[in-house]
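A.B. asks: One structure is given below, represented as structure tokens, and several questions about it will come after.
The values are calculated or read from the model by the stated rules, or taken from the named source; none is laboratory data. Being a predicted model, the structure only gives us computed values, none of them experimental. All Cβ positions, glycine included, derive from the backbone under ideal geometry; neighbour counts span all protein chains shown. Surface areas here come from the heavy atoms of the whole protein model, side chains and all, with no ligands, DNA or RNA. Shrake-Rupley method; radii C 1.70, N 1.55, O 1.52, S 1.80 Å.
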2 protein chains.
Amino acid sequence: MEVTRTNFNELLDDINNAIKQASFIAFDAEFTGLEDTKHGHALPFDTPEERYTKLRKGSLDFLVLQFGLCTFKYDNKKKRHIAQPFNFYVFPKPYSRQAPDRRFMCQSSSIDFLVSQGFDFNKVFCEGIPYLTPTQENALKETIEQKHLLHAQFSSPAFTSPHGQDIGPNKGPIAIPDDQKSFINGIVDQISIFMEKSEEESLNLPVCNGFQRKLIYQTVRNKFSSVHLEAKKGEKKDRYICVTKISGEEEMKMREGAKQAAERAEIDDAVGFSKVVRMISQSGKLLVGHNMLLDVMHTINQFHFPLPEEYEDFKSMTKCIFPKLVDTKLMAQTHPFKDHIPVSVLGDLHKTLSFKPFELAEVEFPKGYTNYNDNSKYHEAGYDAFVTGLCFASMKNFLGSFQKPPKDFVSPSSPLVEPFMNKLFLMRNFEVPYMNLNGADLTANRDHVFHMTFPKDWKSNDISNLFSAHGNVQIFWLDDTTALVALYKKENSKSAYDDLHVQKSNFTIQKYKDFLSFSDGEKHNKNSHSKSTVRKRSHNETDNDVPSKKKKTLNVAAQPFVYKQPDVISEGDDSSNTSNTSTTDVTMVDSTHNTQIDVKEDVKEADKLFEETAAW
Amino acid sequence: MEVTRTNFNELLDDINNAIKQASFIAFDAEFTGLEDTKHGHALPFDTPEERYTKLRKGSLDFLVLQFGLCTFKYDNKKKRHIAQPFNFYVFPKPYSRQAPDRRFMCQSSSIDFLVSQGFDFNKVFCEGIPYLTPTQENALKETIEQKHLLHAQFSSPAFTSPHGQDIGPNKGPIAIPDDQKSFINGIVDQISIFMEKSEEESLNLPVCNGFQRKLIYQTVRNKFSSVHLEAKKGEKKDRYICVTKISGEEEMKMREGAKQAAERAEIDDAVGFSKVVRMISQSGKLLVGHNMLLDVMHTINQFHFPLPEEYEDFKSMTKCIFPKLVDTKLMAQTHPFKDHIPVSVLGDLHKTLSFKPFELAEVEFPKGYTNYNDNSKYHEAGYDAFVTGLCFASMKNFLGSFQKPPKDFVSPSSPLVEPFMNKLFLMRNFEVPYMNLNGADLTANRDHVFHMTFPKDWKSNDISNLFSAHGNVQIFWLDDTTALVALYKKENSKSAYDDLHVQKSNFTIQKYKDFLSFSDGEKHNKNSHSKSTVRKRSHNETDNDVPSKKKKTLNVAAQPFVYKQPDVISEGDDSSNTSNTSTTDVTMVDSTHNTQIDVKEDVKEADKLFEETAAW
């Protein structure tokens, strides 16, 4: 169901009912851009807190233009889900001069990608649903109430502002300049004739500018007692005044009352799409997304509250607004799914889940809703939300196959799903696979990670050879002359550093934490000239304006990690206790649920992640 | 003539010829936004330098999306102009992964305004002509040349990067992960069959991701000697590899050569619209704009060079790139035009110039060009450029009517036009009407300007009364409790200040320069808490996110200045010396040309300016 400013209000009840009846909800958002690199790139060894800080600074100036919501209700008899997908176009059109006039960022490649996928920018800019955060809504309401109060106090014409355009300073009548006198006299004549002779109820004055309208207001209100004036806007934003005959003081009051009610309703309209986000929040329903961290951050920031500076505050705020979140990308990259899912990009995941050992959940759509079973429209937010929900439904059911006896259907509130709850996938992260909203994050041990600078002609082999005495390495190229290098054998961290950092050679090596604090120092002391332009560039470079072959890519080492695959887990009935017979170096222990989760991070995935980022 | 990526190259010669033959050129640009208020609002007492600094920081993150160019050539026989209008759609689509991926800002109200005027965002994002600054162009060329050099050096398959996608770190072959082996083997089989049995010349491999393409490249090049691979992009940005049979080493070299030539041509294409701006610059022709400061700043910044921090450097740079500029808005507000032109907004100006004492210049359009005489399309850049040029042609001819004997036609290079040369109108400025690129700017004496804070219920009359002993005042409201106040009688500045600043009362008064240095101090010391939130808000407030009744409006005093009108000047034949018989307080002396220019700044105009800004 496509939802725009035009049909939003009439659909609001349907949306509310769909949310209320849902067993879970999936969502997805399309943005005007992803990352403003001037605040630093996401790095593969970021802690969740570092990543949050970078995204908060570098991504929130972009805007959500399309919000996909798909509710899933399980029909016990038919053994299938009823899905109600909504594809919302949203845009912060300032509904009046008092409304916030938002500035937002766009990224050319993202815009280009969206148009190539058929995204209709004219539609979103013309018909996008407006929205206000609660703070903005309250401020506007207060302004309107103050204005109405003022109107009641000073209802003399000179002190009345036309149509709320001049809230704020509006401090007294204006002398009519000489060259406006004939214009104003003409208007007065026109109104006199209208009042005396016309049988029409109202008269539209000619289009004129704000100053002229102000002059008309003050003049007409002084000269005519039984007319009501109202500023109106033509199709092309031309503004004009509509004159109406009224019977007297009583009707004037009635009309003023109606106008004030309309102004209040206008604010309610302006709250727009935020109402849907509030409904989702208030429902407390399980909310599913695919690689959802940015979606969650944007949704809160754009429709609820500006995101807090402190990471811990963000975690609390998110849990408060969306108490139950599940990320299908994290699921797909986690045991027991990852063994069967080579690529976790949404489209690939969808395909993979259509075949054994998985079974795609059956879904039907009520009349009036797009049948997304027959229409694949990747990157339309509504479709992506639907596919995300479908993947979730199919993956959770797969968890039932390990139970004794196996179960075809697993409820979204089953303890089997619990281990994935409130863990948000961290894109391009080699160390910590997710952000844990339920408690402490996994700690990123980065003692085995080094920052290196070297001559331009070095290749992966040069670096690998350098470290060969200390085992294999994983390489994250920052640019032609700098890279992050991680030791496979973490126990060799000290010996490798001791060995290499004393070598007088054409390279430098630095512990990762020293590299970070150096970069931070750079940031805090921006005016000072960098002593090492190479190092500075490696962390803070913007590839915004000047094309550069030093642009970062997520190339990885020639000899990547090869992880041992843990055995398939066996689960007790509806129990969240799982047992693993084998673990690997990168198996993470979830302290809250005592469940082992491990994350695939090999060459392919890293490259795939990069591919996905590049392709959005 | 609508110009997009599709027809740009074929029209380039026509555009070049039109520019070369023109007697003058008019232009106009449409932006994604006007002003990011976080860098401070334009204030009516800004010096040109202060204004430049604010615009440079607050406006250049917005983007030019449409550029209107209209060349005017005079046909001596027909006594009319031949106009060739071009309406360019421009968009910085990144043509490859090496190209700059520009981030840019949008302002909701501006976007909303543009769509309401029928602006087609889908068209600009899909079909916009790309562009590169010279710096970007050179960097890309260097990258490509280095890549080709590298290719020549290491033409072993393992070191060759596919289609330039991996310039930068590309340092050796990658081991094929287990789960990709069957995919790669399938591809190898497919190519073997194609090579042996197919009669087709080429084979498109299935769509796959970047990592898979990389594996295909290195595998295929090792296994097959007589195939050529080329990465291609499908309509929906799907990437795939096209396999072609080749006869041997010779054909391989030929194909590589062709590919490299294509890559160079691709950069040339990417320079795109910048070529037009370079043509305009190199022509040295007179360039006319209406209220053109922002257009000039954007055009230089987006297509030539980032604007310099120093104001004087900007002036030099502009003179160097566009040696002759004339601003029709400044003309319209200057003697001898202003007496006959009540409103200088482009549309109004156009109308006014259609009647006596003016005579609209006659214009015809060659075949194939939109006849803008019959199609008014305000806010389409091409149309606005045409109307601007038309207004200029008409106004310059009007100057001939003062000559003895009167002349019907005045050449754009006539000394009569000289007084307006290289003066750019300063919007919403009460003191200095223009920026002078030809030399020193007029100095803004602001001794008679004060910054005041006062209780919320104050109105214009309260302020006027306060100053009544010192003459009339002009009031510029900053918000409900702060305003800038200018004395009409500048000679009373000291007495007014001495009188008022010692009063222990519910208001404060501050000299304008103290207010500025206080605000600057605030900016330099952002982390410190303001001791006077009112003052801070008055200068730095952003009305970006939270709607506020304190939003600044350009309301003005109840008793505005009333300027004496200078007499009509009389001019000698083709002489730039003019003589005025009367001057006023705000008559400015242009030191370069010894020509008096004065600027209308009364209530109406100020409000009109505000109206225009609000409406773009």
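A.B. asks: Restricting to region A:307-330, name every residue that is without any contact (Cβ under 8 Å) to a residue 40 or more places away in the chain and under 15 Å from A:K57 (Cα atoms).
C.D. replies: Scanning region A:307-330 gives A:P308, A:E310.
A.B. asks: Within region B:329-341, can one find any residue that is open to solvent by less than 30 Å² (accessible area, probe 1.4 Å) and more than 27 Å from B:V432 (Cβ to Cβ)?
C.D. replies: no
A.B. asks: Sticking with this one: Take the conditions modelled with pLDDT of 85 or more, open to solvent by 30 Å² or more (accessible area, probe 1.4 Å) and in contact with a strand residue (DSSP E or B) (Cβ under 9 Å, 6 or more places away or on another chain) and apply them to A:L466. Does it pass?
C.D. replies: In short, yes.
A.B. asks: Still on this structure: Can you tell me which of (1) within 11 Å of chain B (Cβ to nearest Cβ); (2) part of a loop (DSSP other than H, G, I, E, B); (3) within 28 Å of A:S247 (Cβ to Cβ) is the one A:K214 doesn't meet?
C.D. replies: Exception for A:K214: condition (2).
A.B. asks: Just wondering, is there one or more residues in region B:95-111 that are modelled with pLDDT under 95, aliphatic (A, V, I, L, M) and under 30 Å from A:D480 (Cα atoms)?
C.D. replies: yes
A.B. asks: Cβ-Cβ distance below 7 Å, separation of 6 or more or different chains: which pairs start in region A:117-145 with a residue that is farther than 18 Å from A:L63 by Cα and end on one that is assigned to a helix (DSSP H, G or I) and open to solvent by 20 Å² or more (accessible area, probe 1.4 Å)?
C.D. replies: So the pair list comes out as A:I144/A:R264.
A.B. asks: Could you tell me how many of the residues in region B:50-68 are without any contact (Cβ under 8 Å) to a residue 24 or more places away in the chain and within 14 Å of another protein chain (Cβ to nearest Cβ)?
C.D. replies: So the answer is 2.
A.B. asks: Looking only at region A:432-463, count every residue that is open to solvent by 20 Å² or more (accessible area, probe 1.4 Å) and out of contact with any helix residue (DSSP H, G or I) (no Cβ under 6 Å at 6 or more places or on another chain) and tell me the total.
C.D. replies: Going through region A:432-463 one residue at a time, the tally reaches 14.
A.B. asks: If I ask for residues that are closer than 16 Å to B:H41 by Cα, assigned to a strand (DSSP E or B) and modelled with pLDDT of 85 or more, which ones from region B:479-518 would you list?
C.D. replies: Scanning region B:479-518 gives B:T482, B:A483, B:L484.
A.B. asks: Go through region A:415-428 and give me each residue that's of a type outside the set (A, V, I, L, M), assigned to a loop (DSSP other than H, G, I, E, B) and open to solvent by 10 Å² or more (accessible area, probe 1.4 Å).
C.D. replies: Within region A:415-428, A:P415, A:R428 qualify.
A.B. asks: A follow-up question, please. Taking only region A:387-407 into account, find how many residues are free of Cβ contacts under 8 Å to residues at least 60 places away in the same chain and open to solvent by 20 Å² or more (accessible area, probe 1.4 Å).
C.D. replies: Selection size over region A:387-407: 5.
A.B. asks: Only one residue in A:N87, A:N122 is at the interface with chain B (Cβ under 7 Å from one of its Cβ atoms), within 20 Å of A:G68 (Cβ to Cβ), in contact with a Phe, Trp or Tyr (Cβ under 9 Å, 6 or more places away or on another chain) and modelled with pLDDT of 95 or more, so which one is that?
C.D. replies: Exactly one residue qualifies, and that residue is A:N122.
A.B. asks: Then there is this: Would region A:313-323 turn up any residue that is of a type in the set (K, R) and at pLDDT 95 or above?
C.D. replies: Checked against the condition, which is being of a type in the set (K, R) and at pLDDT 95 or above, region A:313-323 yields at least one hit.
A.B. asks: Going by what's in this entry, would A:Q66 be described as touching an Asp or Glu at 6+ places or on another chain (Cβ under 8 Å) and of a type in the set (S, T, N, Q)?
C.D. replies: So A:Q66 passes the test.
A.B. asks: Right, next: Go through region B:102-155 residue by residue and tally those that are polar (S, T, N, Q), open to solvent by 50 Å² or more (accessible area, probe 1.4 Å) and closer than 30 Å to A:P94 by Cβ.
C.D. replies: The total comes to 0.
A.B. asks: Residue check: is A:Y240 in contact (Cβ under 8 Å) with a residue 60 or more places away in the chain, within 30 Å of B:P342 (Cα to Cα) and open to solvent by less than 60 Å² (accessible area, probe 1.4 Å)?
C.D. replies: Taking the combined requirement at face value, the residue does not satisfy it.
A.B. asks: Can I ask one more? For region B:247-274, which positions are open to solvent by 30 Å² or more (accessible area, probe 1.4 Å) and in contact with a helix residue (DSSP H, G or I) (Cβ under 7 Å, 6 or more places away or on another chain)?
C.D. replies: Residues satisfying the conditions are B:Q260, B:R264.
A.B. asks: Now for a different question. If the requirement is being buried (at least 24 other Cβ atoms within 10 Å of the Cβ) and more than 11 Å from every other protein chain (Cβ to nearest Cβ), which of these qualifies: B:T47, B:T71?
C.D. replies: The conditions single out B:T71.
A.B. asks: Quick check, is B:S354 within 19 Å of the chain's Cα centre (by Cα), surrounded by fewer than 19 Cβ atoms within 10 Å (Cβ to Cβ) and small (G, A, S)?
C.D. replies: No; evaluated as a whole, the condition is false for this residue.
A.B. asks: Of everything in region A:218-243, what is within 14 Å of another protein chain (Cβ to nearest Cβ) and under 13 Å from A:N185 (Cα atoms)? Give them in sequence order.
C.D. replies: Of everything in region A:218-243, just one residue is within 14 Å of another protein chain (Cβ to nearest Cβ) and under 13 Å from A:N185 (Cα atoms), namely A:Q218.
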